[in-house]
Amino acid sequence: MFYIGFTTARTDEEGWRHAFGGLELGAESDAFVADLSVWGMSGYEAQWREAIARLAAGKSSSALVTSYAGPGDVIHSMRPMWRVGNKVFIQERLVSDRRIEPPNVADQFYALVGERSTVSEDGTPLSEWAVPFSDVLAFIATE
């Protein structure tokens, strides 16, 4: 099974608008917090459909943006994805790149995905989930 979506949105006492979300990745799950100061929930949801459609169109990699805080000295997060045969491998990555700015934000994230690696620069194994490609496609078919 594959699913990505939001559970709730809120504004904290300091005025930060954000949404809690989650990914279902086969038998496992992963949570995230999305910054809503630039993109609303519908903007993220549209990007997720586009990211999966890229894989369906034959791209070998893509990315699900799970938090975009706008240009400047901020931290963003994404879930890079690589299609290998009938599997999609998904990881979590924090992105500290002040140059990511409109109008082509998603394309800039896609360009940061790079080649799939299962270990960090220091040799530490990276967390990774493998999901059947058919499950990922089923997600956009039901949206």
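Derivation of every value follows stated rules applied to the coordinates shown; laboratory data play no part. All figures in this text were calculated on a predicted structure; none of them were measured in a lab. So basically every Cβ, Gly included, is an ideal-geometry build from the backbone, and we count neighbours across all protein chains shown.
Table for the structure above
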| item | result |
| --- | --- |
| In segment 92-107, the residues that are surrounded by 17 or more Cβ atoms within 10 Å (Cβ to Cβ) and within 17 Å of ARG54 (Cα to Cα) | VAL105, ALA106 |
| Residue match in segment 117-130 (condition: over 27 Å from HIS18 (Cα atoms) and either touching a residue at least 24 places away in the same chain (Cβ under 8 Å) or among the aliphatic types (A, V, I, L, M) (or both)) | yes |
| Count of segment 18-37 residues which are touching a Gly at 6+ places or on another chain (Cβ under 9 Å) and either surrounded by fewer than 16 Cβ atoms within 10 Å (Cβ to Cβ) or farther than 20 Å from ALA63 by Cβ (or both) | 5 |
| Residues being hydrophobic (A, V, I, L, M, F, W, C), over 15 Å from LEU25 (Cβ atoms) and part of a loop (DSSP other than H, G, I, E, B) - total across segment 100-140 | 2 |
